[in-house]
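Quick note: the coordinates plus some simple rules give every number you see, no bench work behind them. Quick caveat, the model's predicted, so the values are computed rather than measured. Counting neighbours? That spans all protein chains shown, and the Cβs are built from the backbone with ideal geometry, glycine included.
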Ligand SMILES: [Zn+2]
Ligand SMILES: [Zn+2]
Ligand SMILES: [Zn+2]
């Protein structure tokens, strides 16, 4: 299984759009290394996770053919994870030679509502009819394009269910952002379903900054707690790899610094474009 990180920043991006803090100013001077776009990942070049405003940047920067994507899993409706307006351009005069005739979107009800709202004015019927909307509930098991998907609820927001995903084909991935510490029932569900992850991607918004942190995201300390829980519930193996992502500009997410810190904790760290063979 090929897993690629396309974007690895938290909501504001790094450097952040309107920010002139010391970190963002330094990052702007070294974009080739430090640039982190809003979070997105792709599996085997056809299964996409989240759709931030920079999806088109990812298409250009990493040569991703977004028209080949058959299935899109969306975690939640926050703007850094779902920019629905772009789908208006998936057909009509705006796109030809689309590789996958249809795109199926799997998400909670709020995300699907955002899709309807944001595409209501401009989306042609001919474009709309090629996009399937599938509402996903927490603790749901379903299949999408030959992948088995397990949804669990994130600890992230009051106004929406917000989902995290287990994705299984030949290998198994757990994609855990955006979220704070997971509820006990999440571990229990994954264990009951026989999920055993080869790779775990962890929300590390706060990295090594001083706590107490908000319960909506994690840093290295919380990532360690999640790893302990996954081990305790038998959801991972001895050689499972863990990778941290989704960094805030407030966490000084310079690539070298984060990589070294992550290593101390036994984690890999993501950067935009990173490809992992799982
Ligand atoms: Zn986010
Ligand atoms: Zn900044
Ligand atoms: Zn969020």
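General observations
- Ordered by the count of other Cβ atoms within 10 Å of each Cβ, fewest first, 17, 209, 37 give 17, 209, 37.
- Gyration tensor verdict on the chain (Cα atoms; rounded if a/c is under 1.5, prolate if a/b is larger than b/c, oblate otherwise): oblate
- Cα centroid of region 207-278 to Cα centroid of region 113-169, whole Å: 25
- Label-point separation in nm, residue 170 to residue 260, each point 7 Å along Cα→Cβ: 3.7
- Gain on full stretching of the segment that runs from residue 188 to residue 141 - 0.36 nm per residue minus C-alpha separation: 15.5 nm
- Expected 222 nm ellipticity per residue - DSSP helices of 4 or more, -39500 (n - 2.57), all of the chain, to 500: -6500 deg cm²/dmol
- Length released on extending from residue 92 to residue 121, taking residue separation times 0.36 nm less the Cα-Cα span: 9.0 nm
- Projected label distance in nm at residue 21 and residue 277, using a 7 Å step from Cα toward the beta-carbon: 3.8
- Likely footprinting exposure, 51, 254, fewest C-beta neighbours within 10 Å first: 254, 51
- Between residue 237 and residue 134, the C-beta separation translates, for a Förster distance of 35 Å, into a calculated FRET efficiency of about 0.70.
- Antiparallel DSSP beta bridges within region 2-277, percent to nearest 5: 50
- Exposure proxy shown here: for 50, 125, the number of other Cβ atoms within 10 Å sets the order, fewest to most, as 125, 50.
- The modelled label-to-label distance between residue 209 and residue 62, using points 7 Å beyond Cα along the C-beta direction, is 2.4 nm.
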